[in-house]
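Colleague: So that we are looking at the same thing, I have put the structure below in structure tokens.
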Amino acid sequence: MRESLKIFINELLSKIKIDHLSLNIKKYYLDKYQQIINETHYLPEKCKFTERLYHIINNLYEIPKCKECGKNYTKFLSINRKYREFCTIKCAINNKEVRDKIKQSNLRNFGTEYPIQNIEFQNKMMKNNKEKYGVENVSQIKEVREKKRQIWNNKSKEEKEKIKKKREEFNYKKYGSKCSLQNKEIQIKSRETWNNKSKEKNKEIRNKQIQSRLRNEYIKLFNSNRLKGLIIPLFTIDEYIGEDDKDRKLIYYLFQCIKCNNIFEDNLASGRIPRCHKCFPKKNKFTIPHQIIVKFLIENNINHETEKHIGRYEVDEFIKPNKIIEIYGDYWHANPKKYLAETIMNYPYRKMMAKEKWELDEKRINYLKNKYDVLVIWEDEINNDFENVKNKISILLDKIKKYDII
């Protein structure tokens, strides 16, 4: 039966093209059509008629199986294209012949077995990713990361262990260790490549890493619900340097209050929320010496602003146009009459020597003295010699005759 059918098909092919063979048999040779179906009964009912014709022409009695695994059946394409050699892409990649062909083509096109090792190929990939996704590497996109995590988390423990074992086996075959970085040759090569790079390139790499970190901080900070509806930053992402500088000194930035449009300076140290002093003034947390000075200024009708923000500092009392009064507590500012330079002051924010506190206060006063007249009054003076304090304030204001404050 099969031989007669084969002779019939060959006679038709001498008259007709192979592409029109199945249609011609269905229309004009219904008997032969049914005989071909009966002869290829081992094939599934829903298979294409061209697949049945292919089996008769090539004397096949079963569906071919995968070359690599030998378990799964392959897919039929057409009479001209035949069956696929492999059931899946994994089996195709695992086949040695296919791997050798890929390596040879990569050597011709890129000069290496793996195109990723070629610099030109890397640059093309980077450009394409920037044009399509706006990122050099696709793994930098959050959606891609989340998908990868979901895929990994959805896998069972057995599947994860199999993947880990395969990696370890591959690394053992190629590098002789569980991880490639444990191989001494690779460690030496990585050190050599790092040392061969110029210092400028290393600086560029580090600067890029720092910039990307700062940008992420800026975006997280000002898109968070914590600062929305309170302030507007008056500096860009490029102007944002961080919380502190190399000497660990706080960096102050300009902000604008959304409620009152007040522009002020503040820092962002350790999650601090910048505070507008008009909308959110400090409550009465003044020391007793400070309260005494405020009471004295009020009694003598001297206009003043308490805890005014000037530049990067807050001053205790500000009197227009350019007068400042600072009230120093004996303990909080380490009065030299009571404390030695090497005395350790146990402040709540940190421990420090009295000498260090004096240096910080001196820097602060020198900063203010560039534009303002500054008077420092100690707690000891207020408690023991308040008349002298009155004289100092009157000299600062130059208004002894107008305001009889002595």
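Colleague: Determine which member of the set Cys279, Cys260 is assigned to a loop (DSSP other than H, G, I, E, B), loosely packed, with under 15 Cβ neighbours inside 10 Å and modelled with pLDDT of 80 or more.
Modeller: Step by step, each of Cys279, Cys260 is checked, and only Cys260 is assigned to a loop (DSSP other than H, G, I, E, B), loosely packed, with under 15 Cβ neighbours inside 10 Å and modelled with pLDDT of 80 or more.
Colleague: A further question on this structure: State all residues of region 11-32 that are without any contact (Cβ under 8 Å) to a residue 12 or more places away in the chain and within 21 Å of Asn80 (Cα to Cα); if no residue qualifies, say none.
Modeller: Selection gives Glu11, Leu13, Ser14, Lys15, Ile16, Lys17, Asp19, His20, Leu23.
Colleague: Are any residues in region 143-163 in a helix (DSSP H, G or I) and more than 27 Å from Pro115 (Cβ to Cβ), and if so, which ones?
Modeller: Glu146, Arg149, Gln150, Asn153, Asn154, Lys157, Glu158, Glu159, Lys160, Glu161, Lys162
Colleague: Another question, if that's okay. Report yes if some residue within region 81-102 is among the aromatic types (Phe, Trp, Tyr) and surrounded by fewer than 14 Cβ atoms within 10 Å (Cβ to Cβ); otherwise report no. Can you show your working first?
Modeller: We begin by selecting, within region 81-102, every residue among the aromatic types (Phe, Trp, Tyr); these are 83, 86.
Checking the rest, the ones that are also surrounded by fewer than 14 Cβ atoms within 10 Å (Cβ to Cβ) come to none.
Within region 81-102, not a single residue is among the aromatic types (Phe, Trp, Tyr) and surrounded by fewer than 14 Cβ atoms within 10 Å (Cβ to Cβ).
Colleague: On to the next question. Determine which single condition Asp361 fails, assuming it passes every other condition in (1) surrounded by 17 or more Cβ atoms within 10 Å (Cβ to Cβ); (2) in contact with a His (Cβ under 8 Å, 6 or more places away or on another chain).
Modeller: Asp361 satisfies all of (1) surrounded by 17 or more Cβ atoms within 10 Å (Cβ to Cβ); (2) in contact with a His (Cβ under 8 Å, 6 or more places away or on another chain) except (1).
Colleague: Does Phe286 satisfy the criteria of being over 34 Å from the mean Cα position of the chain (by Cα), of a type in the set (Phe, Trp, Tyr), surrounded by 12 or more Cβ atoms within 10 Å (Cβ to Cβ) and modelled with pLDDT under 80?
Modeller: For Phe286, the condition - over 34 Å from the mean Cα position of the chain (by Cα), of a type in the set (Phe, Trp, Tyr), surrounded by 12 or more Cβ atoms within 10 Å (Cβ to Cβ) and modelled with pLDDT under 80 - is met.
Colleague: For residues in region 289-336 being among the small types (Gly, Ala, Ser) and at positive phi, which is nearest to the chain's Cα centre (by Cα)?
Modeller: Only one residue fits best here, namely Gly311.
Colleague: Residues that are under 27 Å from His304 (Cβ atoms): find the strands (runs of 3 or more DSSP E) completely inside region 335-396 holding 2 or more of those.
Modeller: The qualifying strands (runs of 3 or more DSSP E) are 373-378.
Colleague: Take Ser156 and tell me if it is at pLDDT 75 or above and either surrounded by 10 or more Cβ atoms within 10 Å (Cβ to Cβ) or of a type in the set (A, V, I, L, M, F, W, C) (or both).
Modeller: When the stated conditions are applied, Ser156 does not pass them.
Colleague: Could you tell me which numbered condition Glu204 fails, if it satisfies all but one of (1) of a type in the set (Asp, Glu); (2) over 28 Å from Leu107 (Cβ atoms); (3) loosely packed, with under 11 Cβ neighbours inside 10 Å?
Modeller: (3)
Colleague: Still on this structure: Is there a residue in region 215-232 that is surrounded by 13 or more Cβ atoms within 10 Å (Cβ to Cβ) and modelled with pLDDT of 80 or more?
Modeller: Yes.
The values are calculated or read from the model by the stated rules, or taken from the named source; none is laboratory data. Model, not experiment: these values are computed from the prediction. Cβ sites come from the backbone with ideal geometry, for glycine too, and all protein chains shown count toward neighbours.
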